[in-house]
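Accompanying notes for the structure given below.
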Amino acid sequence: MKNLKIGFIGGGNMGGAMIEALWRAQSNEAGTVRNSAEDERKFDGGSEAHGAENLAQTDKNASSHECEKKTKFEIIACARSKNEALRQRFGVKIAASKTDLAREADAVVLATKPASYEAILRLIAPELAGKILLLLAPGFDINRARQIVGEGVYIARAMPNIAASIGASTTALCFDAGFSESRKETVREIIAKIGKIYEIDEAGFAAFTGISGSLPAYACAFIEAAADAGVRGGLPRQLCYDAVCAAIEGTARLIQSGKHPAALKDEVCSPAGTTI
């Protein structure tokens, strides 16, 4: 499928982050990416920019997926109060209604609050035959969606995190039975634009939500506390944020290289040393 219309119902934190990542991945002019920095502080559907360093990192992450650009994506959105911001920032097409979006799109991403899933699925079900439906809610499984939309719809489920906006999400992915390999590749190509994919059984989604989907909140709480300690010691706050983040990134890379967390911790904790 060379030209794919992806419809997003919802454009809040996660929907906006995914739209941003897809837009960045397909932006061929670096100037276009950088010019969005001023708008990011005004738009609460994606992440906020924090300076040139973040934009450079964004460009690096986006370029890492250039090999995946087999499909040209056209993004359609129906996101209520976010519609105008999405249109202005990313040039997405705005659908008049959820039903119109489902009718036009080849793949529909349901990126609203879980409480509204059932009502939306009942509304758009007649338009979904032969199309891909991607669920993002942590507590809404494929079987439940199948009972609402019926047969003939290709249902997949993903659990990304907020780093999707810069192409750095860790995303769980699973497919319902009946997916052809070509359709699976289409979904993988979408998810690859927002970061790293972990294909797991749906039974593992609850655990994955805890260690990935929710983790940025825990990490931010730790980063803020560590930075506060640095500020108390007399260091500038922005320097503290940058140094803490760099230290966490380096530690994570050491573990990914094969170091065991417990062994690495013991290496830092010298007897009678500062850390212990």
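The values are calculated or read from the model by the stated rules, or taken from the named source; none is laboratory data. These numbers come from a predicted model, not from an experiment. Note: ideal-geometry Cβ built from the backbone for every residue, glycine included; neighbour counts use all protein chains shown. With ligands, DNA and RNA removed, areas are computed over all heavy atoms of the protein, side chains included. Shrake-Rupley method; radii C 1.70, N 1.55, O 1.52, S 1.80 Å.
Odds and ends about this structure:
- Surface exposure of segment 117-226, expressed per residue as accessible area with a 1.4 Å probe, stands at 43 Å².
- Legend: calculated FRET efficiency, Arg146 to Ile200, from the Cβ-Cβ distance at R0 = 25 Å, rounded to 0.05, equals 0.85.
- Rounded to the nearest 20 debye, the dipole magnitude of segment 165-210 is 220 debye, with +1 charges on Lys and Arg beta carbons, -1 on Asp and Glu beta carbons, and the Cα centre as origin.
- Spin-label model, Ser81/Ser97: points 7 Å from Cα along the beta carbon direction are separated by 2.3 nm.
- In segment 171-224, the ratio of gyration radius to Kirkwood radius, Rg to Rh, stands at 1.09 when only Cα atoms are counted.
- For segment 127-201, with +1 on Lys and Arg beta carbons and -1 on Asp and Glu, the positive-most of Gly130, Phe179, Ala158 along the dipole: Ala158
- Measuring r between the beta carbons of His260 and Asp228 and using R0 = 35 Å, the FRET efficiency lands at 0.75.
- Computed on segment 128-210, with alpha-carbon pairs under 8 angstrom and 6+ residues apart, the relative contact order is 28 percent.
- Check: segment 119-276 dipole with +1 on Lys, Arg Cβ and -1 on Asp, Glu Cβ, in debye: 180 debye
- Peptide ranges 218-228, 119-129 listed from the most packed, as the mean C-beta count within 10 angstrom indicates: 119-129, 218-228
- Over segment 64-213, relative contact order from alpha-carbon pairs under 8 Å, at least 6 apart, %: 18 percent
- Residue list for segment 195-225, given a label point 7 angstrom along the Cα-to-Cβ vector of Val268 and an amide N cut-off under 18 Å: 216, 218-225
- Spherically averaged projected area in nm², based on the convex hull that wraps the Cα atoms of segment 148-262: 9.8 nm²
- Estimated at 0.36 nm per residue, the fully extended path between Lys72 and Ile276 surpasses their Cα-Cα distance by 68.1 nm.
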